[in-house]
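Please treat every number below as a calculation from the coordinates, not as lab data. Owing to the predicted nature of the structure, the values given are computational and were not obtained by experimental measurement. Here the Cβ is made from the backbone with ideal geometry for all residues, glycine too, and neighbour counts use every protein chain on show.
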Amino acid sequence: MKSRLHLPKLDPVPGTILEYLVAHFPHIPAQTWLERINNGKIELDNGTVLTAESPYRYGATVLYSREVAREPESDETAEILYHGADILVADKPHGIVVTPSGEHVERSLLARLQKRTGLAQLAPVHRLDRETAGVVLFTVHESKRGQYHQLFSNRNVEREYLAVAGLNKSTDTKEWRIQNKLEEGEPWYRRRIAEGSEDGSSAGSNAITRIVLLESRDGLGLFQLLPETGKKHQLRVHMMSIGCPIVGDRLYPDIRTEEEAGPPLQLLAHRLSFVDPLSGEPRSFTSNQKLLWPAE
């Protein structure tokens, strides 16, 4: 199975693609990447085989095969909520990547579902972070993916998330509408709110989330999150911005180890609703995954 990696715009710009791969996958030794390149196992989507000196090219797509000698064990299973002629909907547990990444290849949600169903063209229409659980939509045929992907591009999908987060004791607010611009943070894999866009007045706003506090108990809040856009880490950054970081978040407000962060990220893609672009039927799928919410 070939994995695809889109090269983002970076400042400073890495000197070579090899340099970027080493920095992007810190858990994989630099020597391993060099050996793969020397063996002709990494190429661009135009067929160009990379060398150790191939310069970094913003916008290029790198193709490579995963080689994991010892992949982490996992007992987690993803429930298939729906399997039709055109789409498959899965309920992803916490801790599983959607597509192959790092040491998670055969245990990725995509690889597991392809093996279980025999559907070689199965592809996700959208993504969830490894730490986020919940509903993921896949297309069965590659030719149909564009029509479903357009639902997200045109904001014709209603996405409801649930999150457990610490309460900000300085406010009695129960509902927020956060609108601002998210940009690359420091380090590059984090996101931050662009200066001057905090109040949502910036014409360049690209991230909008409606947040509702549903319940509060023992210093924690159960929140409903209704994103209107789908930027990377949008919900995590927006929850942090109201002073209510999500329980188990290893990146916000500060970078922490898994041991320091505690339980898995308490963020759940609870419901996905849309009108099917092929059949015209209204569809709605709800996750059966649970968050760690204290009992009364």
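The table below gives the values:
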| read-out | value |
| --- | --- |
| Dipole axis of the range 84-173 (+1 Lys, Arg; -1 Asp, Glu on Cβ), positive-most option in Val157, His126, Phe138 | Phe138 |
| Helical mean residue ellipticity (222 nm; -39500 (n - 2.57) per DSSP H run of 4+; nearest 500) of the chain | -4000 deg cm²/dmol |
| Residue among Ile42, Ser3, Val13 farthest towards the positive dipole end of the range 2-65, charges placed on Cβ | Ser3 |
| Relative contact order of the chain, defined on C-alpha pairs under 8 angstrom at six or more residues apart (%) | 15 percent |
| Gyration tensor verdict on the range 160-268 (Cα atoms; rounded if a/c is under 1.5, prolate if a/b is larger than b/c, oblate otherwise) | oblate |
| Over the range 2-65, relative contact order from alpha-carbon pairs under 8 Å, at least 6 apart, % | 51 percent |
| The range 2-65 - charge dipole about Cα centre, Lys and Arg +1 at Cβ, Asp and Glu -1, debye rounded to 20 | 200 debye |
| Counted charge near Arg191, where neighbours are those whose Cβ lies closer than 9 Å (Asp, Glu -1; Lys, Arg +1) | +3 |
| Eligible lysines near Lys115 by straight Cα distance, threshold 24 Å, same-chain separation 8 or greater | Lys2, Lys41, Lys92, Lys144 |
| Gap separating the Cα centres of the range 1-64 and the range 233-296, nearest whole Å | 31 Å |
| Charge dipole (debye, nearest 20) of the chain; +1 at Cβ of Lys and Arg, -1 at Cβ of Asp and Glu | 600 debye |
| Förster radius 35 Å - calculated FRET efficiency between Ser279 and Ala23 (Cβ-Cβ, nearest 0.05) | 0.20 |
| Dipole of the chain [Lys/Arg +1, Asp/Glu -1 at C-beta], most positive-end residue of Gln266, Trp33, Pro245 | Trp33 |
| Normalised contact order of the range 103-249, rounded percent, pairs of Cα under 8 Å and 6 or more residues apart | 21 percent |
| Those residues of the range 269-285 whose amide nitrogen sits under 16 Å from the label point placed on Leu214, 7 Å along Cα→Cβ | 269-273, 285 |
| Estimated dipole of the range 191-296 in Debye, rounded to 20 [Cβ of Lys and Arg +1, of Asp and Glu -1, Cα centre] | 260 debye |
| Whole-percent pair-distance distribution, where bins are 5 Å wide, for the alpha carbons of the range 2-65 | 4, 19, 33, 29, 13, 2 |
